[in-house]
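All remarks here apply to the structure that follows.
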Amino acid sequence: LNIMRTLKNRILVLICLLMVTSSYATVFTFTDNYPKNPKIDAINYTFKIELSDETDEIVCDLTIDVRFLGAGVKNLRLDLINASQELNNKGMVVSRVSSKGRALSYSHENDVLNIKLPSPSSLNQRSEFSIVYKGIPSSGLKIGKNKYGDRTFFSDNWPNKARNWLATIDHPYDKAMCEFIVTAPNHYQVVSNGLKVEETNLSNERRLTHWKQSVPIASWLFVLGVADFAVQYVDTFDGKSIETWVYRQDKDAGFYDFAEPTKKVLEFYSNYVGPFSYEKLANIQSNSVGGGMEAASAILYGDNSVTGNRSIRWRNVVIHEIAHQWFGNAVTEYDWDDVWLSEGFATYFTLLFIEHEYGRDVFLEGLKSSQERVNTFYEKNPNYRIIHNNLKNMKNVTSSQTYQKGSWILHMLRGLVGTENFWKGIQIYYQKYKDSNATTNDFKRTMEEVSGQNLTVFFQQWLYKPGALELSGNWKYDNKEQQVLITLNQVQTDGSLFEMPIELGINFKGDQHQQIELLQVKEKSTVFKIKVKDEPENIILDPNSWVLMRTDFKKIISSSSL
């Protein structure tokens, strides 16, 4: 059922892309340099991997299950980094490719494994291929000592480094199930995606561990952790295990740290967004990442994530990575150009949980901190836009704007369509694209259908264009006309103009009720006249913090008010 839903959703994504009208073509661009083949759908990867303490070389026997969504396909293209002198002889060497026991012709050049099919594919043909290779990973799988000097093996696949050790379609548009069947010295525990279905001691002090992920995910979310772990089965959520995997030396501190707030976060996103997609949730200490990495069902955190004091910083990292299980993992961007659908969403939904659990003030502090980072980045990179335009260098796939400005864009969208419509749209979007892929235009269309608003201008100015909104303005009270005059000037220097509704809060002395007015800002300079019952004590621009902008707004004493 999951496979058929995924297939259906992928076809819908392709149809939607073809239906984008020419009027949107120059704005909503969903291309990159990766050679996609929509006629090939990887269903499942089974990696049989041998690890050793004597060498960093891994040996892999891969079985890949493929469905051909179109007829006439002659080659299966996979990503796999070649062994080379440039990598100090690291990389992978393929020794055999076969199907149904029959050896197949293949080439392995320029980090691409190209397999010639026995005959051109037929529509909906299902085929399995076996690939045997070995080598020392130059990246993607970190083999070395952790902070305690113990040997460990940890994956580091983001964003396209899985190809350094796993032969895959290494791009987010193709999602597949996976199995890791790992043979390693028996003093290690092994953790991966999904559920552990076998653990067997072998001869020569070795152990086989088999993990199976039954929900399709993108290749960067494949995970492997091999170390001397202390493991705690903390709790369950919706019948699924919540687990902690930390270095044995950090057992007590790690079990204490990761016990909170994992279950509360799972409950919040499940209630407000939709059902959790995976078979378990494991928090794992590792040495392959600095902060966190949201691998599906098995999240990696850095060496120093265990503090023993449940620090706020690492608490927020845990919330962020769990938010990714919904956005980035279950709903995955079809193209790297749309990476904000992962990072911007996880950043904002972290704040939404913080607002729910720790209060409005902490939420607003988070927004303010994000705005400061947006401003700092903009000063150094005034031409940066959130949606990439055919991203060429994967080193540039994310920035603080992808996270913080992306988060603010969702917050402004919530203010624009209303909180009720925002949550309704999020739930529909998640339900429709869960365990599949989506584009920014898919999200835009969903929010337009829910709110009944045309959001083209909003998405264009905040996502597809650079720039920042800066307002300079003033207000004065006209006693004769019983009104206030509001002057607002857009003073950004890049020539851009924004169209945004902005709230105005008018306060009166001795009255706790604040008069709220909505100003439609779209011109370079605009004067608004607002009737009031008395002279305001003060007037606040954007009193509820809905708009990402810099402001200089003050009162002018006019002669008529004297």
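The values are calculated or read from the model by the stated rules, or taken from the named source; none is laboratory data. In this text the structure is predicted, and so the values were computed from the model without any measurement. With ideal geometry, Cβ positions are generated from the backbone for all residues, glycine too; neighbour counts draw on all protein chains shown. Note: accessible area is taken over every heavy atom of the protein model, side chains too, but ligands, DNA and RNA are not part of it. Shrake-Rupley method; radii C 1.70, N 1.55, O 1.52, S 1.80 Å.
Taken together, the residues in region 96-118 that are assigned to a strand (DSSP E or B), within 23 Å of SER219 (Cα to Cα), open to solvent by 10 Å² or more (accessible area, probe 1.4 Å) and not hydroxyl-bearing (Ser, Thr, Tyr) amount to 6. The single condition from (1) part of a strand (DSSP E or B); (2) buried (at least 17 other Cβ atoms within 10 Å of the Cβ); (3) not hydroxyl-bearing (Ser, Thr, Tyr) that GLU199 fails is (2).
For region 361-370, the criterion of being more than 16 Å from GLN461 (Cα to Cα), open to solvent by 30 Å² or more (accessible area, probe 1.4 Å) and of a type in the set (Gly, Ala, Ser) is satisfied by at least one residue.
For region 405-437, a residue qualifies if it is open to solvent by less than 20 Å² (accessible area, probe 1.4 Å) and on the phi > 0 side of the Ramachandran plot, and exactly one does: ASP435. Within region 393-404, at least one residue is assigned to a helix (DSSP H, G or I), without any contact (Cβ under 8 Å) to a residue 12 or more places away in the chain, farther than 22 Å from ASP494 by Cβ and open to solvent by 20 Å² or more (accessible area, probe 1.4 Å). State the number of residues belonging to region 202-253 that are touching a helix residue (DSSP H, G or I) at 6+ places or on another chain (Cβ under 9 Å), of a type in the set (Ser, Thr, Tyr) and not in a helix (DSSP H, G or I). Count: 4. Among the residues of region 359-392, those identified as over 28 Å from THR493 (Cβ atoms) and without any contact (Cβ under 8 Å) to a residue 40 or more places away in the chain are GLY359, ARG360, ASP361, VAL362, PHE363, GLU365, GLY366. Residues of region 57-95 that are surrounded by 17 or more Cβ atoms within 10 Å (Cβ to Cβ) and assigned to a loop (DSSP other than H, G, I, E, B): LEU69, VAL73, LEU80, ILE81, ALA83.
Checking each residue of region 381-389 against the condition of being within 19 Å of GLU448 (Cβ to Cβ), in contact with a helix residue (DSSP H, G or I) (Cβ under 8 Å, 6 or more places away or on another chain) and in a loop (DSSP other than H, G, I, E, B) gives at least one match. Counting only residues that are within 18 Å of LEU364 (Cβ to Cβ) and either in a loop (DSSP other than H, G, I, E, B) or of a type in the set (A, V, I, L, M, F, W, C) (or both), region 405-425 holds 6 of them.
Highlighted here are the strands (runs of 3 or more DSSP E) found entirely within region 149-196 that include at least 1 residues which are open to solvent by less than 10 Å² (accessible area, probe 1.4 Å) and without any contact (Cβ under 8 Å) to a residue 60 or more places away in the chain: 189-192.
Filtered by the rule that a residue be surrounded by 24 or more Cβ atoms within 10 Å (Cβ to Cβ) and either among the small types (Gly, Ala, Ser) or more than 19 Å from PHE153 (Cα to Cα) (or both), region 204-226 gives GLN213, PRO216, ILE217, ALA218, SER219, GLY225. Scanning for something at pLDDT 95 or above, of a type in the set (Phe, Trp, Tyr), in a strand (DSSP E or B) and over 20 Å from the mean Cα position of the chain (by Cα), does region 478-501 turn up at least one residue? No - not one qualifying residue is present in region 478-501. Scanning region 295-325 for residues that are in contact (Cβ under 8 Å) with a residue 60 or more places away in the chain and either closer than 13 Å to ASP250 by Cβ or surrounded by fewer than 24 Cβ atoms within 10 Å (Cβ to Cβ) (or both) yields ASP303, ASN304, VAL306, VAL318.
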